[in-house]
Amino acid sequence: MQKRKWLVKNALQSTALTTTICLMAPYSGSAMAQEADIEESSARSMETVVVTGTRRADRSAADSLIPIDVISGEELAKNGASDFTDILRTQVVSLNVQRFVTNDGAVFQRPFTLRGLAPDQTLLLVNGKRRHRAATIQFSRLPLTLGAQGPDLGTIPSNAIRQLEVLRDGASAQYGSDAIAGVVNLELAEDSDGFTLSTRYGQFFAGDGNDLQVQANLGLPLGPDGFFHVAGEYQTSDTTSRGAQRLDAQALIDAGNSDVANPAQRWGNPDAEAFRSFFNAGIELDESTEVYLFGNLAWSDSVTGFFYRNPETRTNVFASVPLTDSPGGDRFSFTEVFPGGFSPAFGAESWDWSLAAGVRGSIWGDVGYDLSVYHGENEVDYNISNTVNPSLGPASPTAFDPGTLEQRETTVNLDFVVPVEVGLVAPLNVAWGAEYHDEAYQVTTGDPASYEIGPFAAYIDPDTGLPGQALQVGSNGFPGFSPQESGEFDRWNYALYADVEADLTDRLSGGVAIRFEDFSDFGTTFNWKVAGRYEIVDGLAVRGSANTGFRAPTPGQANVSQTSTNINLDTGAVISSGIIPPTNPVAQFFGAQPLDVEESFNYAAGVVFDGLGDLSITIDYFNIELEDRISVSGDIPISDTERQALIDAGINAGGSFEEIRFFTNAFDTETEGVDVVATYPIAFANGSRLDLMASLNWTQTEVTEVRNPTAINRERTLEIEDFVPNTRGLLQANYQRGPLSALVRANYYGEWTDYGSNADGSGDQTFGEEVLVDLEVSYDARENLTLSIGAENVFDEFPDRDVRQGNINSGIIYPRFAPTGFNGGFWYVKATASF
């Protein structure tokens, strides 16, 4: 199977590169005789009508009561990144995302952060409708995202998007749970004709990470006034390697072990293959009624590597075990299978799909309505190979199916909006509605060999008459989900909401929103929002808002278990360690409580200046106080005395735990920051155009109260406060003249700190600021053919080297959590044909 995929991938890459070169060749020395008309700028226009954060149909980004970034699909396309998550990182400075290497599910479903908060504190919408979460809950040590379950941006094909809107304000009073940091809304393309095919090929300057992407868009008419648009992309990406040989592996090689791989552990991007698609359709039944339908289908298959298992030091994997009960009998060690040690290959096959259907129009005169239903699912099926279940001994397979995670959500909305004449300069915009939402989280058991306890988890060694070295239980690197950990957990909730927005005078606008919500598992919430904008003089306005918000714990967070097991040789009892639900009596014995909602208070104030020609500048300050933030507790060891106390209290399961963790409302934070955005389009007399854009974000988070000391220690506090750069900046220039266009983009990342192994902080390392420059040049070789060449990180910048000894020992050269990545520069060529 792997060989077939390799052959297909290389054939596609070769074909794509050859096709691109052939398309470029006939036009490399020619120029078009006539200058093409300069199209409407693709820069971020403040005059673009927005739909996020307002239910008024005529609001633009310029006169919005709250800050909104608007990015066109054309601008998204001018990017060397192929993953939509990375595209957003280069376009929105308040959004951060890293490329993870060894962090379980985060390698495949990459969490992102907006305005310094967790990924599940940002709401993702498509065409204004809530999109479902990913199935992955982030258990690994990650900046800002430990314990989070947010949406997966990696399932989105960038060519499906007509307009991207990023609302930088709390919006729970309008949209419900999760909209604390803000809202990301993807408006899908609505073309009713045309076909576009784009092929892109590139690789890193180091010569690896070959990346092929093929995108296609098709628009068709549906009747005289309807449309059907479908967009899809196929992508394959090869691995990269930016590490050195591990010191312990090199020592084995120096001692004569020729079976050790070089490198024994790879630090770099995973091997990945993906297909992503979205469709969008609408048809007018009459002058006042439209039916719409949209949805997606995405698939991906990725493999990464885990930490190296040294055959001389991993005794709980490689120890010699007896195969008979007689002294001096045959013995077995996994050095017979992996004489040079091994690094498990961890993979995930993911499916994601959604479907939304609705009808909207007007009734009773001017009353607008929108009735819709949405269903979405995300599934991750893990696999792990090049590893063993050590406790099974020689009977262990070397490839396992650890199990499957699945997230399912259904939402039904009914919205109304009506303009009401009350004697103001414009009608009062009154909106109200109701929503029903249910979701389920399912864990499916892995294959038995991935979790079962083998005979060598505990045994008496006949050669010594003493307990032998216990071997680990489960597929090493990622034990499978056992029947005890599997199950389906669900919840439903409904909401009632209303908002009013009005131009009170020619210069003063305001809005109020309220929302009541009732959840089946923890009760009710009530949230509000007020916002206003005042134009002091023509071209100069101030705006501000205040709101409360919340995030409901997901069924997955409230119920998930992930444990590893061993055997107590004296009693024969199964001993477990790992994450258990906070409702488990063992967890509650150690202080766990059922999860409660996270609650926020957010206020913001800003200035909008657009009084000097086409120059537009916005400056916004924000402050978010967040209480009862949900995270995973620290490791809580259970002593023999505590185990007996659990049994005495009637909690018999307590005798089977050695160490536990659980989700908890762990801490409070205060996050504040400033966003500055400036745009300036310049049209020249010769017909050319230059679009300039600059943005700056400063964000600082402080832990203000610790509610669970096991969850918030010095290291975790550093992760929350300093692990992501506090300062991000972006400068962009897009020039177009006739058939030629050029884009230059510079992204600035401030310094950040990662902790070391010393409890006093002396081993921490602060990494310096970085500036990454991207460049793309495009040429319209024909009316329907555009050729492009470009580079990300054109100056091949790398983060500071990691000088912490533990990481050097592991072969790490550059920090593995670097916000800019550590792969260096990337070049690409692209050809786009339109029909």
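Of the residues GLU165, GLU187, which is touching a strand residue (DSSP E or B) at 6+ places or on another chain (Cβ under 9 Å), modelled with pLDDT of 95 or more and closer than 15 Å to THR52 by Cα?
One residue alone meets the criteria, GLU187.
Yes/no per residue for (1) outside any loop (DSSP other than H, G, I, E, B); (2) of a type in the set (A, V, I, L, M):
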{"site": "VAL443", "(1), (2)": "yes, yes"}
{"site": "GLY446", "(1), (2)": "no, no"}
{"site": "PHE456", "(1), (2)": "yes, no"}
{"site": "GLN469", "(1), (2)": "no, no"}
{"site": "PHE478", "(1), (2)": "no, no"}
{"site": "PRO483", "(1), (2)": "no, no"}
{"site": "THR505", "(1), (2)": "no, no"}
{"site": "VAL512", "(1), (2)": "yes, yes"}
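Is there any pair linking a residue in the stretch 266-279 that is within 18 Å of ARG99 (Cβ to Cβ) to one that is surrounded by fewer than 22 Cβ atoms within 10 Å (Cβ to Cβ) and of a type in the set (D, E, K, R), with Cβ under 6 Å and at least six apart or on different chains, and which?
GLU273/ASP301
For residues in the stretch 705-716 being within 23 Å of the chain's Cα centre (by Cα) and farther than 18 Å from GLU598 by Cα, which is surrounded by the fewest Cβ atoms within 10 Å (Cβ to Cβ)?
Going through the qualifying residues, I end up with GLU715.
From the list GLU287, GLU377, GLU312, which one is acidic (Asp, Glu) and under 24 Å from ASN257 (Cα atoms)?
Exactly one residue qualifies, and that residue is GLU312.
Identify the residue in the stretch 344-357 that is in a strand (DSSP E or B) and touching a Lys or Arg at 6+ places or on another chain (Cβ under 8 Å) and, among all such residues, is nearest to LEU285 (Cα to Cα).
ALA356
Given the conditions (1) modelled with pLDDT under 95; (2) buried (at least 20 other Cβ atoms within 10 Å of the Cβ), which single one is not true for LEU743?
(1)
Sort out which residues of the stretch 747-772 are farther than 30 Å from GLU705 by Cα and buried (at least 16 other Cβ atoms within 10 Å of the Cβ), and write them in order of number.
Once the filter is applied, which keeps residues that are farther than 30 Å from GLU705 by Cα and buried (at least 16 other Cβ atoms within 10 Å of the Cβ), the stretch 747-772 yields ASN747, TYR748, GLU770, LEU772.
Output the residue which, of all residues in the stretch 619-654 that are part of a loop (DSSP other than H, G, I, E, B) and in contact (Cβ under 8 Å) with a residue 60 or more places away in the chain, is nearest to TYR603 (Cα to Cα).
SER633
Given the conditions (1) crowded, with 19+ Cβ neighbours inside 10 Å; (2) within 25 Å of the chain's Cα centre (by Cα); (3) farther than 30 Å from GLN250 by Cβ, and given that ALA831 satisfies all but one, which numbered condition is not satisfied?
Result: ALA831 fails condition (2) only.
Of the residues that sit in the stretch 216-267 and are small (Gly, Ala, Ser) and assigned to a strand (DSSP E or B), which one is nearest to THR196 (Cα to Cα)?
So the residue we want is ALA216.
Which of the residues belonging to the stretch 793-814 are buried (at least 20 other Cβ atoms within 10 Å of the Cβ), in contact (Cβ under 8 Å) with a residue 12 or more places away in the chain and in contact with a Lys or Arg (Cβ under 9 Å, 6 or more places away or on another chain)?
Correct list: ASP802, SER810, GLY811, ILE812, TYR814.
Say we look at the stretch 481-497 and pick out the residues that are within 24 Å of the chain's Cα centre (by Cα) and not acidic (Asp, Glu); which of these is modelled with the lowest pLDDT?
The selected residue is PHE481.
Could you list, in sequence order, all residues of the stretch 86-112 that are within 10 Å of the chain's Cα centre (by Cα) and of a type in the set (S, T, N, Q)?
ASN96, GLN98, GLN109
With the requirement that a residue be touching a residue at least 24 places away in the same chain (Cβ under 8 Å) and either of a type in the set (Lys, Arg) or not in a strand (DSSP E or B) (or both), what does the stretch 685-704 give you?
ASN686, GLY687, SER688, ARG689
Looking at the stretch 104-116, can you tell me whether even one residue there is buried (at least 24 other Cβ atoms within 10 Å of the Cβ), in a loop (DSSP other than H, G, I, E, B) and in contact with a helix residue (DSSP H, G or I) (Cβ under 6 Å, 6 or more places away or on another chain)?
Yes, there is a match, as at least one residue in the stretch 104-116 is buried (at least 24 other Cβ atoms within 10 Å of the Cβ), in a loop (DSSP other than H, G, I, E, B) and in contact with a helix residue (DSSP H, G or I) (Cβ under 6 Å, 6 or more places away or on another chain).
The values are calculated or read from the model by the stated rules, or taken from the named source; none is laboratory data. Because the structure is a prediction, the values reported are computed rather than measured. Cβ coordinates were reconstructed from backbone atoms using ideal geometry, including for glycine residues, and neighbour counts include every protein chain displayed.
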